[in-house]
Amino acid sequence: MKESLEVMKKFPVTSFDAADAGTFGDVLSQRGAVKKLKVGMLGLGYFEYWRMYPALEDIVAADLESVHVRLAAALPECEVVYPGMIATLDQAGEAGVALKASGIEIVVIVAGTYLPDFITMHALNQLPLRPPVILFSSQTGCDVNPQDDYVATMRNSALIAITQLSGSFRKMKLDYETVVGEIADPAAYAEIATVINAHRAVKALKNSTYGLIGHVFRGMYDLEFDRARIKGFLGPEVMTIQAEHLIELWRAVPEAEVEAEAMKLLKRFEVKKIDLEDVKRSVRLGLAMRALYSKFNLDALCFLGQHYIEKITGAPARMGASLLMESDRFMVGCEGDIGGLVMMDLMHRFTGNLPFQAEWGQFDLANNALFLLGHGIAAPELAAGGEAGIRLTCSPEEWGFKGSGLNYEMILKPGPVTLGHFLNTGDSYRMIISRGESIAYPALPCDEIHAMVRVVTPVRKYLKNLIAAGSAHHVIAVHGDVLGVLCKVAELMRVESVVLE
């Protein structure tokens, strides 16, 4: 805050559209530090049992500490705050105050034994705003031990506490998530992580700003969007950036930097139907796009290339976008597809893998697969055969650029994938998602990025279901299975999810 005030004293505050430099009152002056989401854990035990069975207190405390350790290991990108086992009303109040002071944003409640719900509620009541709650019903093993005495059954009496809390929460109209599993069950912690990661992603999107250069490609009604609904449901602020801002930065890109980056590409890949000038034009545009997103502190960028950027700069923008995806892990989409860009952002957050923006192409009965064609963006690490499987080639469609343009010709490497997109349904959004498997298939000599993805359902039936549901003509693919967490994201966004198998 102090740094921002100092800058404002030196320069007049203007809109980013009104000036080229200085302090922009409608653009963040600096990126906020990435902070770990803080997860609070409430571990429950019952003071009455300690006097009845003195050895039980330490045993239950150790059980809950084991949960704490496993939970922290399952959430490496979060900070888990555990103030210790609560067994009395005073301890509950102290734990609640400690969680409040730590700034926790979500709470996992784990019972080591039964505990009356009013004690747990007292801890929650110390928090100024009721955070999302996960009830984790755990026990020491997956089966009942026929040798268990009463003390052992009390050690595994957590289900009583959790069911009691669930009933009270429902009566109080309080929302919660539920996870069931034994203390040592990795699947239980993975399920908790799925819920928490969905919350993290939704929060991050609400604090994101996407830049849009141009508009949705004319006539693509399926991609049209309402900024208020994007903000209200999907999360990001969409900021229109006039082409002039990009062009000023494009003109300022040093020739030596363009030459160096162009030569790197030419040395990395096999080349066909292009020359150095084609590569330099696309590289220059990519470097300008990087300067643009840095200048305006953008979290992602979407553009209209055809008859817009291509005519102005003489180069297609997709190669520049692919370079940013590869080098900066910065998400870029085309044709004004903001819904697709949100899906790209989510998929990258959940997998760490770069997504592929494509279009539905053809069906293939022999492989029960879908052929996905580019007209989008992808990075070399996605190619079957690695860099040896990539050719630098011309752009297959000419929309006003000079020379041959520049594109990657490659096919998506094999492996499990998730497919998805968002569709504006008028009053809200719908998320369409599916599992698939990218299969080994010869790369087509089509001057384009493409993929062959096998599905489970007979492929013609799959497409019938897809079309019946209503889909954008774009589709985003990423290596990995993130269908479960995307379903949770849709729920948190308050949008419908449609799962195709």
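The values are calculated or read from the model by the stated rules, or taken from the named source; none is laboratory data. Values in this document were obtained by computation on a predicted structure and should not be read as measured data. Every residue, glycine as well, gets a Cβ built from its backbone with ideal geometry; the counts of neighbours run over all protein chains shown.
Taken together, the residues in segment 418-473 that are hydrophobic (A, V, I, L, M, F, W, C) and closer than 21 Å to I338 by Cα amount to 11. E94 - would you say it is touching a Pro at 6+ places or on another chain (Cβ under 8 Å), assigned to a helix (DSSP H, G or I) and at pLDDT 95 or above? Judged against the criteria, E94 is a match. Any residue at all in segment 421-435 that's farther than 22 Å from E335 by Cβ, in a strand (DSSP E or B) and aliphatic (A, V, I, L, M)? No: zero hits. Restricting E359, E381, E397 to residues that are part of a loop (DSSP other than H, G, I, E, B), of a type outside the set (F, W, Y), surrounded by fewer than 23 Cβ atoms within 10 Å (Cβ to Cβ) and out of contact with any Lys or Arg (no Cβ under 7 Å at 6 or more places or on another chain) narrows the list to E397.
Looking only at residues in segment 123-150 that are of a type outside the set (A, V, I, L, M) and in a strand (DSSP E or B), the one that is nearest to Y176 (Cα to Cα) is F136.
Applying a threshold of 6 Å to beta carbon distances and a minimum spacing of six or more residues, or different chains, the list of pairs starting in segment 200-223 at a residue that is of a type in the set (S, T, Y) and ending at one that is in a loop (DSSP other than H, G, I, E, B) and modelled with pLDDT of 90 or more reads S208/P236; S208/D299; T209/L298; T209/D299; Y210/P236. Being surrounded by fewer than 18 Cβ atoms within 10 Å (Cβ to Cβ), of a type in the set (G, A, S) and not in a strand (DSSP E or B) is the requirement here; does A321 meet it? No; evaluated as a whole, the condition is false for this residue. Helices (runs of 4 or more DSSP H) fully within segment 186-282 that include at least 3 residues being within 30 Å of G389 (Cα to Cα), in the same structural domain as E359 (by TED's automatic domain parsing) and not aliphatic (A, V, I, L, M): 255-268.
Selection over segment 155-168 of residues that are of a type in the set (A, V, I, L, M, F, W, C) and either surrounded by fewer than 20 Cβ atoms within 10 Å (Cβ to Cβ) or not assigned by TED's automatic domain parsing to the domain that holds Q139 (or both) gives a count of 2. One residue alone among T120, T113 is at negative phi, in a helix (DSSP H, G or I) and among the polar types (S, T, N, Q), and that residue is T120. Just one of the numbered conditions (1) in a helix (DSSP H, G or I); (2) modelled with pLDDT under 95; (3) more than 28 Å from G389 (Cβ to Cβ) is not true of Q306; which one? Failed condition: (3).
Is it the case that N145 is of a type in the set (S, T, N, Q) and exposed (fewer than 12 other Cβ atoms within 10 Å of the Cβ)?
Against the criterion (of a type in the set (S, T, N, Q) and exposed (fewer than 12 other Cβ atoms within 10 Å of the Cβ)), N145 qualifies.
Under the condition of being farther than 11 Å from L486 by Cβ and surrounded by 24 or more Cβ atoms within 10 Å (Cβ to Cβ), the residues counted in segment 346-356 number 2.
Scanning segment 89-139 for residues that are closer than 21 Å to A61 by Cβ, surrounded by fewer than 17 Cβ atoms within 10 Å (Cβ to Cβ) and touching a Lys or Arg at 6+ places or on another chain (Cβ under 7 Å) yields a single hit, S102.
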